[in-house]
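Below you'll find the structure, written out as structure tokens, and then a few comments.
No lab work stands behind these numbers, since they all come straight from the coordinates. Computed from a prediction, not measured in an experiment: that's the story for all the values here. Positions of Cβ are generated from backbone atoms using ideal geometry, with glycine treated the same way; all protein chains shown enter the neighbour counts.
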Amino acid sequence: MPDDGYRKWLGVEYTEMEDGHAVVHMNVRPEMQNLRDVCQGGVVASLMDVAMATAAAGGNYDTRLRPMVTQELKINYLAGAYGKRMEAVADVIKAGARTAVVRCDIMTDKGDICATGLGTFMTRRVHKSDPDGMAPPKG
């Protein structure tokens with residue numbers, strides 16, 4: 001399944017994709033900002049969700065090792081998301097047989113952390129749209 005639909009609209013770019021770690025970027029377009037030129041919180045949350053799921057799955061939709069789905073996501077907005085580009089850095093804190101807990105920071109192109117979050121991701125059943133050879137979850 002290619003990165004299309006909403007992820008394509010976001011314009012996510014996968015900079016680093018390792019099992020347990022991901023760095024994802026996106027350019028902020030005018031339609032993503034409010035009247036004060038701050039990136040909308042929902043867009044920030046979406047970038048965070050993509051980065052965390054990528055770290056938990058061990059890759060993006062074309063390269064993932066495990067099929068994962070977001071179970072829970074908590075975000076603290078620390079400052080306005082000003083700027084034209086954002087970076088999300090996500091790391092798995094703990095992974096078990098079925099779930100992974102992941103943390104993520106979102107930085108603006110000015111180097112400010114505008115949001116931090118914590119999420120729980122659950123392994124789901126393999127679907128026909130998944131990459132060939134993906135192993136079903138254990139347990």
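As a check on your grasp of the helix formula, calculate [θ] at 222 nm for the chain: sum -39500 (n - 2.57) over DSSP H runs of n ≥ 4, divide by the residue count, round to the nearest 500.
Values: 2 runs with 22 residues, N = 139.
Here the helix-only value at 222 nm equals -5000 deg cm²/dmol.
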(request) Answer with a single label: of [x] 48, 27, 21; [y] 56, 33, 28; [z] 97, 28, 23, which was calculated as Cα extents along the principal axes in Å from the structure in view? (result) [x]
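Highest mean first, what order results for 56-63, 91-98, 42-49, 25-32 on Cβ atoms within 10 Å?
In descending order of packing, they fall as 42-49, 56-63, 25-32, 91-98.
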(message) Cross-link candidates for LYS84: which lysines have Cα within less than 21 Å, leaving aside residues fewer than 8 places away along the same chain?
(response) LYS8, LYS110
